[in-house]
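Peer 1: My structure is below; once you've seen it, I'll send some questions.
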Amino acid sequence: MRQAGAVVANVLSQLQEVAEPGVTTAQLDDLALKMTADAGAEALFKGVRSSHARRPFPGAICASVNDQVVHGIPSSQTVLREGDILSVDFGVRLNGYCGDAATTVAIGSISPDKQKLLDVTKGALDIAIAMAKPGVRWSQVARKMQRHGESAGFSVVRDFVGHGIGTKMHEDPKVPNFVSRELLADDIVLTAGMVLAIEPMINAGSQGVRTLGNGWTVVTKDGKCSAHFEHTIAIVAGGCEVLTVKQV
């Protein structure tokens with residue numbers, strides 16, 4: 001899983017370098033596909049089916065711009081513009097094991113409000129990574145993530161949560177970024193050996209989202225921006241190891 005995570009980290013790092021005004025999200029997808037093939041890996045998202053969509057997901061990456069929360073479809077018609085924010089979600093399977101991560105990047109110069117949204121969302125992920133260790137109840141982590149987002153005046157998305165990951169992209173348990181009755185009734189106690197994909201999604205406005213007619217792309221109901229950060233982490237003795245961080 002470290003190897004799969006390293007591929008994901010390298011691809012996301014390269015896409016951040018390339019993402020600038022005038023570039024299309026299809027160009028980013030092409031680069032991700034090439035790097036995945038060069039690494040001997042398989043793009044996790046490409047070809048995934050959903051009961052809500054007529055066709056399988058066509059991209060290697062999810063490329064979600066501004067008010068798109070998740071599952072944005074890469075397109076030659078989507079040209080990045082100065083001031084946009086772009087969330088890129090990407091995963092691979094390598095030697096039977098998966099890695100999954102996401103980041104939201106500024107395209108050129110962005111407004112202070114958008115920068116705050118990025119900082120707060122990344123901060124929620126950082127909180128989870130700092131707290132994750134054997135014996136911790138997930139509700140404790142989720143509560144701090146939720147308070148971090150909401151205290152900044154933002155909303156934590158409820159419709160999508162993190163997940164276990166291993167030989168499949170989505171495995172139990174579900175890992176929410178907020179506290180609910182469901183979580184409190186069946187809390188997760190972190191134990192060494194667990195591998196989780198933690199992925200806070202935070203909206204600048206309300207938490208409400210809707211799915212576009214393509215059956216994939218999820219946008220905010222109020223049209224305000226959304227940010228998304230994700231890492232695959234392994235719970236180990238005394239803490240956790242981030243498997244999708246670029247090694248220097």
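Peer 1: Just to check your reading of the model, which residue among ALA19, ALA53 is crowded, with 17+ Cβ neighbours inside 10 Å and at pLDDT below 95?
Peer 2: Answer to the selection: ALA53.
Peer 1: Being under 13 Å from the mean Cα position of the chain (by Cα), among the aliphatic types (A, V, I, L, M) and surrounded by 21 or more Cβ atoms within 10 Å (Cβ to Cβ) is the requirement here; does MET201 meet it?
Peer 2: Details: under 13 Å from the mean Cα position of the chain (by Cα): yes; among the aliphatic types (A, V, I, L, M): yes; surrounded by 21 or more Cβ atoms within 10 Å (Cβ to Cβ): yes.
Here the answer is yes, as MET201 does meet what is asked.
Peer 1: While we're on this one: I'd like to verify a number: residues in region 192-248 that are acidic (Asp, Glu) and within 16 Å of GLY123 (Cβ to Cβ), how many?
Peer 2: So the count comes out to 2.
Peer 1: Follow-up question, since we're still on this one. Hey, can you tell me all the residues within region 1-42 that are among the acidic types (Asp, Glu), over 21 Å from VAL79 (Cβ atoms) and in contact (Cβ under 8 Å) with a residue 40 or more places away in the chain?
Peer 2: GLU42, the sole residue that qualifies.
Peer 1: Something else: Taking interchain pairs and intrachain pairs at least six residues apart, which have beta carbon atoms under 6 angstrom, with the first residue in region 49-72 and under 13 Å from PHE90 (Cα atoms) and the second of a type in the set (D, E, K, R) and assigned to a strand (DSSP E or B)?
Peer 2: CYS62/ASP89
Peer 1: Just to be sure before I move on: is GLY83 in contact (Cβ under 8 Å) with a residue 12 or more places away in the chain and either of a type outside the set (Phe, Trp, Tyr) or out of contact with any helix residue (DSSP H, G or I) (no Cβ under 7 Å at 6 or more places or on another chain) (or both) in the structure I sent?
Peer 2: Taking the combined requirement at face value, the residue satisfies it.
The values are calculated or read from the model by the stated rules, or taken from the named source; none is laboratory data. Given the structure is predicted, the values throughout are model-derived calculations rather than measurements. Here the Cβ is made from the backbone with ideal geometry for all residues, glycine too, and neighbour counts use every protein chain on show.
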